[in-house]
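Structure first, commentary second.
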Amino acid sequence: MQIKLNNRLLDLTTPIVMGIVNATPDSFFKGNRFTTDKAILHCVEKIIKEGGAIVDIGGYSTRPSAETVSQDEEIRRVSEALNIILKKFPELIISVDTFRSSVVRQVASNFKIGLINDISGGTLDDLMFETIADLQLAYVLMHTRGTPKNMQTQTQYIYVVSEVLSFLAKRVAQLRLLGVHDIIIDPGFGFAKTTEQNFEILKHLSYFKELNTPILAGLSRKSMIYKTLNTTAEESMNGTTAAHILALMGGASILRVHDVKEAVQAIRIYQACNEDQ
């Protein structure tokens, strides 16, 4: 399985790691909030050194009940971070975490980015799919409902796995009709889902392989893990690794993480166990 990023093919036969850089003051895990040049650059250097293949930059926290950030402020945060990063690492594969097409156009006009990571799956901006097609960017299509501010009030499903799968299938078809073929799907762990629903999706993650797209799993330090363990995001590294192994078993090709070294190690253990299969 391959995906085209920055005009080169990225092989996903072996799963890869996407490292998170939050250019925000309020993301849920304080270990990856960065608002100074030095801190952002140090984080990226660490991601690269530890084996991360993609760096995901976000300027708008999408944690539950997150406060609204203006378009101009989001563009400023992301642009300042990218300016710092790409000066030192011009060939780095960059993902921009945004649900606004205007942010995509502005950032893509000034920086070489390969991927847009849209937590809304195009539902919060009617121009997003058109923009992705026009700019010929790769796209992470994630499932959620509502907005970051109200999504946790929208967890009513009859069959959560089939409903999320159906949503993604329809949106993948729409993207392909527009000529977008480099699509990654993300079932949206933690977004408009209860802890039990998150684990139901994780248990049946292999069902999503029927869409014939790479699967991204964003499980790192999320509440489904630390609430289950009766701990905190800061103390949930071990639980995160366990969840990553389950995601890899279910067919995940990309792990989006706060802790790159541990995720890379999880992939190596998983690969060693499956190398003869």
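Laboratory data are not the source of any read-out in this text; all were calculated from the coordinates shown. Just so it is clear, the structure is predicted and the values come from calculations on it, not from any experiment. So basically every Cβ, Gly included, is an ideal-geometry build from the backbone, and we count neighbours across all protein chains shown.
Details
- Leading residue by the ranking (surrounded by the fewest Cβ atoms within 10 Å (Cβ to Cβ)) among those in region 232-270 that are assigned to a helix (DSSP H, G or I) and of a type in the set (Gly, Ala, Ser): Ala242
- Pair list, Cβ < 7 Å and 6+ apart or interchain, from region 236-262 residues that are over 19 Å from Asn117 (Cα atoms) and in contact (Cβ under 8 Å) with a residue 12 or more places away in the chain to residues that are of a type in the set (Asp, Glu) and not in a loop (DSSP other than H, G, I, E, B): Met237/Glu262; Thr241/Glu262
- When restricted to residues that are touching a residue at least 24 places away in the same chain (Cβ under 8 Å) and in a loop (DSSP other than H, G, I, E, B), region 148-166 contains 5.
- For region 90-117, a residue qualifies if it is touching an Asp or Glu at 6+ places or on another chain (Cβ under 9 Å), of a type in the set (Val, Ile, Thr) and part of a helix (DSSP H, G or I), and the qualifying residues are Val103, Val104.
- Those residues of region 134-166 which are closer than 30 Å to Lys4 by Cα, touching an Asp or Glu at 6+ places or on another chain (Cβ under 9 Å) and of a type in the set (A, V, I, L, M), in sequence order: Leu137, Ala138, Val140, Leu141, Met142, Val161, Leu165
- Failed criterion for Leu229 (all others in (1) out of contact with any Gly (no Cβ under 6 Å at 6 or more places or on another chain); (2) surrounded by fewer than 20 Cβ atoms within 10 Å (Cβ to Cβ) hold): (1)
- From Ser120, Ser61, residue being in contact with a Phe, Trp or Tyr (Cβ under 9 Å, 6 or more places away or on another chain), in contact (Cβ under 8 Å) with a residue 60 or more places away in the chain and either acidic (Asp, Glu) or part of a loop (DSSP other than H, G, I, E, B) (or both): Ser61
- Picking from residues in region 167-200 that are acidic (Asp, Glu) and assigned to a helix (DSSP H, G or I), the one that is surrounded by the most Cβ atoms within 10 Å (Cβ to Cβ) is Glu200.
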